[in-house]
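Everything below concerns the one structure shown next.
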Amino acid sequence: MHLFHYQDNQLYCEQAKVDEIAQDVDTPFYLYSQGTILDHYKKLDTALADIWHLICYSLKSNSNMAVCKTLAKQGSGADVVSGGELFRALRAGISAEKIVFAGVGKTDSEISYALKSDIFIFNVESMSEAHAINRIAGKLGKKAKIALRINPDVDADTHKHITTGKKENKFGLAIDNALDYYKEAGSLPNLIVSGVHAHIGSQIVTTDPYVKSIGKLTNLVYKLRDAGIEIETLNIGGGLGIIYKEETPSTARDFANAVLPLIKPTGCKLIMEPGRFIIGNAGIMVTKVVYIKKTDAKTFVIVDAGMNDLIRPALYNSYHAISPVNIESSEEMVVDVVGPICESADCFAKERSISKVNEGDLLAIFSAGAYGFVMSSNYNSRPRIPEVMVKDDKHYIVRQRETYEDLITGESVPEDIV
Ligand code: LLP
């Protein structure tokens, strides 16, 4: 469910008219519906109600402070993968005891920051990292709670760039040797080994891969207990898929029905790290048609947003629905929707049939809330675009458009070198 809808051929976000927002903030911009974010969070929270659970929103999908604060107020925890994300989560008011820290390359300073902040648990991705956390915790006089991130060698049946739970992926520790890893970690004096973690991939639309992976993880929990290693938390990661085009992803309820019967008997506390499920369809990008260019081969609709603003189509060839903000014609046109960047990959849609548009019209690029702004860059020296959040019929700029001055902030040209 999301709260973007057409009424009389005009696009609304909740009760706010998108073209009026565009007049206020100028294009391009990201637009988020707070009501949609809340709905998605609550759907998952309710579906998991039968079991002790903690939803740790995955900040990497969208770490805007207004988004984080919206979720913090609901009691959400956070899944962070860098010092910067930890800083954002804490600043947004997410309590430290609800923060989990993953990532294969945590540095000493990030580990130390997390320990000093008293986060809930580290999701440890290698034995070298376990030793590093033990060493730093010792220096700080702390005990670090850890889970080992287990690579269950399960195919998540998704795009190869967002599969993470196969043997050949860099993530986690091999399930076959897990008992040895747990014994080794358990022998380190400054670690409290208390969890099992896995994240098998992203945009997973069926429950099958989860059932397979969780089956392996719960077996591991029993095996560890038999060996005297008590496991308190089972973190099954994120990855719940959404509708970009014609996918039929499992609902939160389907998901819970499939996985809770496996998890409940373990008595473990359940942690989940959803990102896309919460924010993906809660955001769009609004862009303006600058030119329409017809060649012998094609019609190009050239818009004022580029791959630097939303890189998913260029990077993963991913599909995002595109429609005019105001549908003014029942005619369709087959076009390539492209940006202004000097790269052929700067393309949001190829040979796509869209409602007829003219130069100056606004287009909405849907399902852009997750991995949109956070993956944007200043490539081609383009200031990053604003983020706007709607609540009911009002909109709020929750991140300003960058200026040209912002582009060179922090750069210096010492006299000695010029
Ligand atoms: N937990 C861990 C350890 C993760 O690595 C990820 C995502 C998540 C949770 C959240 O996954 P989600 O629920 O959002 O699927 N940039 C790509 C997606 C990369 C996902 C990376 N890890 C994209 O645009 O599709």
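Considering only residues that are more than 22 Å from GLY267 (Cβ to Cβ) and open to solvent by 40 Å² or more (accessible area, probe 1.4 Å), look in the range 200-218 and name the one that is nearest to the chain's Cα centre (by Cα).
Step by step, filter the range 200-218, then rank; the result is VAL205.
Considering only the range 193-242, state which residues are more than 15 Å from the ligand (Cβ to nearest atom) and outside any helix (DSSP H, G or I).
Of everything in the range 193-242, those that are more than 15 Å from the ligand (Cβ to nearest atom) and outside any helix (DSSP H, G or I) turn out to be VAL193, SER194, ALA227, GLY228, ILE229, GLU230, ILE231, GLU232.
Filter the range 232-283 down to the residues that are among the hydroxyl-bearing types (Ser, Thr, Tyr) and open to solvent by less than 60 Å² (accessible area, probe 1.4 Å), then identify the one that is farthest from SER194 (Cα to Cα).
TYR244
Please determine whether any residue of the range 145-165 is over 20 Å from GLU232 (Cβ atoms), away from the ligand (no atom under 13 Å from the Cβ) and free of Cβ contacts under 8 Å to residues at least 12 places away in the same chain.
No - not one qualifying residue is present in the range 145-165.
Does VAL25 satisfy being within 23 Å of ARG312 (Cβ to Cβ) and modelled with pLDDT of 95 or more? Show your work before the answer.
Values: within 23 Å of ARG312 (Cβ to Cβ): yes; modelled with pLDDT of 95 or more: yes.
Yes.
What helices (runs of 4 or more DSSP H) completely inside the range 1-88 contain at least 1 residues that are more than 23 Å from the chain's Cα centre (by Cα) and in contact (Cβ under 8 Å) with a residue 24 or more places away in the chain? Walk me through how you get there before you give the answer.
Details: elements: 18-25, 34-47, 65-73.
Hits in the range 1-88: 18-25.
Yes or no, residue by residue, for (1) assigned by TED's automatic domain parsing to the domain that holds ILE192; (2) in a strand (DSSP E or B):
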residue	(1), (2)
GLY93	no, no
GLU110	yes, no
ALA114	yes, no
ILE136	yes, no
LYS139	yes, no
ILE146	yes, yes
ASP153	yes, no
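Yes or no, residue by residue, for (1) part of a strand (DSSP E or B); (2) of a type in the set (Gly, Ala, Ser); (3) closer than 30 Å to GLY238 by Cβ:
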site	(1), (2), (3)
HIS320	no, no, yes
SER323	yes, yes, yes
VAL334	yes, no, no
SER344	no, yes, no
GLU359	no, no, no
GLY369	no, yes, yes
VAL398	yes, no, yes
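The values are calculated or read from the model by the stated rules, or taken from the named source; none is laboratory data. Just so it is clear, the model here is predicted, and its values are computed rather than measured. Glycine also receives a Cβ, built like all others from the backbone with ideal geometry; neighbour counts cover every protein chain displayed. Each accessible area value is taken on the protein alone, full model and side chains, heavy atoms only, with ligands, DNA and RNA left out. Shrake-Rupley method; radii C 1.70, N 1.55, O 1.52, S 1.80 Å.
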